[in-house]
Amino acid sequence: MLQTIEVEIDAQGQVHPVGLNKPLPAGRALLTLLTPPANEEALLSESALTEDWLKPEEDAAWAYLQPVR
């Protein structure tokens, strides 16, 4: 039977089960490494902010920061 459990890996590479009240059984396992969570708030707000960022008024407001041509 396949079973999925959450684990944490410490700086030394040791695997520690999360919320498991018994030791891991001896045997083989597959480990999927998850990337650290991104800044979720930034990702969620990006689409809403895109509408404002693409307005001509925004370009005009920030034009002074653009190099002179």
In segment 16-69, how many are surrounded by 10 or more Cβ atoms within 10 Å (Cβ to Cβ) and among the charged types (D, E, K, R)? 4
When both residues are 6+ apart or on different chains and their Cβ atoms are under 7 Å apart, which pairs have a first residue that lies in segment 1-20 and is in a strand (DSSP E or B), and a second that is of a type in the set (D, E)? H16/E8; H16/D10
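Taken together, the values in this text are just the output of simple stated rules run on the coordinates, not laboratory data. Please read all numbers here as calculations on a predicted model, not as lab measurements. So basically every Cβ, Gly included, is an ideal-geometry build from the backbone, and we count neighbours across all protein chains shown.
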